[in-house]
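J.: Here it is: the structure, laid out below.
Each reported figure results from applying straightforward, stated rules to the coordinates on display, with no laboratory input. Predicted model, so just to flag it, every value in this text is computed and none were measured. Positions of Cβ are generated from backbone atoms using ideal geometry, with glycine treated the same way; all protein chains shown enter the neighbour counts.
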Amino acid sequence: MVNIHLCQPDATKSCAACCGIYNYVENTRPALARRFAYRGSLMAKVRAGTLTLDEYRSAVRHREDGRRIFKTIYSCEFAGFVDESRQRVGCMLHPMVTGGCDMRDVSFYGRDICDGHFCPSYQKLATNEALCVLSCIDDWYLYGSVITDIDFVKSFFRLVQDRLGEEVSPEALKAVPGLARILQNYFSLKVDWPFRDTAKPRFGKYYFVGEEYAVDRIDYERLGADIPPYDSIFLSLSSSFAAKDELDRATATIDNLLKGFCHEYERSHREHH
Ligand code: SF4
Ligand code: SF4
């Protein structure tokens with residue numbers, strides 16, 4: 001259980017995953033940034049009194065590509081950039097953004113649901129895990145995909161903490177830039193993993209067929225391999241391996257990051273004690 005505000009942790013990043021921003025078929029960073037820039041220009045007119053919220057809604061519906069990956073999950077038209085510098089995403093109807101007036105009642109979920117929602121990351125992540133994510137990522141797109149993928153975060157810490165024999169300290173990450181960089185490289189795999197399965201719509205280990213979703217399974221037997229220790233990471237990265245050599249390359253990538261992290265962590269500890 002974490003006592004940190006994971007949704008809007010600081011000025012450099014935030015998350016709006018539960019408002020459905022990654023659920024658009026067009027969910028790359030540039031596509032979402034374009035969408036949010038358009039919504040921002042419309043919302044400025046609403047604030048100036050030259051557009052009503054109904055007209056806002058209608059403009060978004062007609063102008064944007066509304067196709068969703070998982071149709072059962074709503075993608076809210078009021079999610080967008082919530083700061084001038086476009087570093088944070090969130091709810092444009094929230095009182096912190098409107099300057100005091102809570103307008104979330106007009107939304108699909110309504111104010112009470114929006115206000116009371118805390119995703120499972122709040123329950124499942126350990127405080128040190130969350131603090132390490134916060135100290136390494138300063139980009140809304142990557143942050144939202146990482147902080148909501150509990151398996152991806154926890155697998156890393158489980159594997160390195162087993163090797164180190166202790167909990168990874170967020171202070172160590174702050175003190176040793178090399179450590180933070182390795183962790184950042186691991187998290188960045190969420191956006192630049194070369195073995196991503198593009199054949200079907202996916203969020204991490206889940207894939208979707210119409211209204212249904214299922215958890216993927218990698219057929220290691222077909223590749224002539226045993227289930228590797230990084231299976232949960234490969235699933236979080238929506239992996240698909242055409243042949244054994246791809247699996248070997250993927251394993252080596254994760255291996256190098258974990259070993260590099262442990263090596264650097266132990267070295268910095270020796271220097272400080
Ligand atoms: S997915 Fe979780 S961290 Fe992200 S905005 Fe929703 S409740 Fe907050
Ligand atoms: S109204 Fe609710 S679902 Fe929509 S952006 Fe705001 S918090 Fe998210």
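J.: Give the residues of the range 172-193 whose amide nitrogen is closer than 20 Å to a point set 7 Å from the Cα of His269 in the direction of its Cβ.
T.: 172-184
J.: Would you mind working out the magnitude of the charge dipole of the chain relative to its Cα centre, with +1 at each Lys and Arg C-beta and -1 at each Asp and Glu C-beta, to the nearest 20 Debye?
T.: In total the dipole reaches around 740 debye.
J.: May I ask you to list, by number, the DSSP H helices of the chain whose Cα span along the axis is at least 18 Å and whose average Kyte-Doolittle hydropathy reaches -1.0 or more?
T.: 29-48, 150-164, 177-192
J.: Classify the range 1-53 as rounded, prolate or oblate from the Cα gyration tensor: take a ≥ b ≥ c as the square roots of its eigenvalues, call it rounded if a/c is under 1.5, otherwise prolate when a/b beats b/c and oblate if not.
T.: Verdict is oblate for the range 1-53.
J.: Remind me, relative contact order of the range 17-121 in percent, using alpha carbon pairs under 8 angstrom and six or more residues apart?
T.: 24
J.: How high is the relative contact order of the range 150-272, in percent, with contacts defined as C-alpha pairs under 8 Å that are six or more residues apart?
T.: RCO, the range 150-272: 36 percent.
J.: Calculated from DSSP H runs of 4 or more alone, at -39500 (n - 2.57) each and per residue, what is the 222 nm mean residue ellipticity of the chain, nearest 500?
T.: Per the formula, -15000 deg cm²/dmol.
J.: Mind checking which of Leu125, Ser107, Val168 is farthest towards the positive end of the range 94-196's charge dipole, using Cβ charges of +1 (Lys, Arg) and -1 (Asp, Glu) about the Cα centre?
T.: So the residue furthest toward the plus end is Val168.
J.: For the range 213-218, what does the Karplus curve 6.51 cos²θ - 1.76 cosθ + 1.60, with θ = phi - 60°, yield as ³J(HN,Hα) per residue in whole Hz, taken in order and with x for Gly and Pro?
T.: After applying 6.51 cos²θ - 1.76 cosθ + 1.60, I find 9, 8, 8, 6, 9, 8 Hz.
J.: From Cα pairs below 8 angstrom and at least 6 apart in sequence, can you work out the relative contact order of the chain, rounded to a whole percent?
T.: The normalised contact order for the chain reaches 19 percent.
J.: From the gyration tensor of the Cα coordinates in the chain, what semi-axes in whole Å does the equivalent ellipsoid have, largest first, with each one equal to sqrt(5λ)?
T.: Listed largest to smallest, the semi-axes of the chain are 36, 24, 15 Å.
J.: Along the Cα→Cβ direction, 7 angstrom out, place labels at Asp245 and Lys71. What is the inter-label distance in nm?
T.: Distance between the two pseudo-spin positions: 4.2 nm.
J.: Say R0 is 22 Å: what FRET efficiency, to the nearest 0.05, do Arg34 and His62 get from their beta-carbon distance?
T.: Values: r = 16 Å, r/R0 = 0.72.
Using R0 = 22 Å, I get an efficiency of 0.90.
J.: Along the Cα→Cβ direction, 7 angstrom out, place labels at Ala11 and Lys45. What is the inter-label distance in nm?
T.: Distance between label points: 3.2 nm.
J.: Kirkwood hydrodynamic radius for the range 179-265: how many Å is it when counted over pairs of different Cα atoms?
T.: Mean inverse Cα-Cα distance, inverted, gives 13.8 Å.
J.: For the range 223-273, what does the convex hull of the Cα positions come to per residue, in cubic angstrom?
T.: 80
J.: As I understand it, the dipole of the chain uses +1 on the Cβ of Lys and Arg and -1 on the Cβ of Asp and Glu, about the Cα centre. Which of Ala79, Val2, Tyr220 lies farthest toward its positive end?
T.: Checked the options; the winner is Ala79.
J.: Does the range 17-121 classify as rounded, prolate or oblate by the C-alpha gyration tensor (a ≥ b ≥ c root eigenvalues; a/c under 1.5 gives rounded; else a/b over b/c gives prolate, otherwise oblate)?
T.: Rounded is the answer for the range 17-121, as its axis ratio a/c remains below 1.5.
J.: For Arg68, list long-range residues whose amide hydrogen, built 1.01 Å from N in the peptide plane, is under 5 Å from its own amide hydrogen.
T.: For Arg68, whose amide H was placed from the backbone, the distant partners under 5 Å are Val25.
J.: Also: Which order do the peptides 94-106, 21-33 come out in when sorted by mean C-beta neighbours inside 10 angstrom, highest first?
T.: Output ranking for 94-106, 21-33: 21-33, 94-106.
J.: Calculate, in nm to one decimal, what Asp115 and Ser188 gain on full extension: separation in residues at 0.36 nm each, minus their alpha carbon distance.
T.: Here the answer is 23.3 nm.
J.: For the range 150-272, with only Lys/Arg (+1) and Asp/Glu (-1) charged at the beta-carbon, what is the dipole magnitude about the Cα centre, in debye rounded to 20? Please report the intermediate quantities before stating the final value.
T.: Values: 17 positive and 21 negative charges, 58 e Å.
So the dipole magnitude of the range 150-272 works out to roughly 280 debye.
J.: So, in the chain, how many Lys pairs have Cα atoms under 23 Å apart, if the pair is 8 or more places apart or on different chains?
T.: 23
J.: Residue by residue, what Karplus-based ³J(HN,Hα) values in Hz, rounded to whole numbers, does the range 69-76 have, using 6.51, -1.76 and 1.60 with θ = phi - 60° and x for Gly and Pro?
T.: 6, 10, 5, 6, 8, 6, 10, 7
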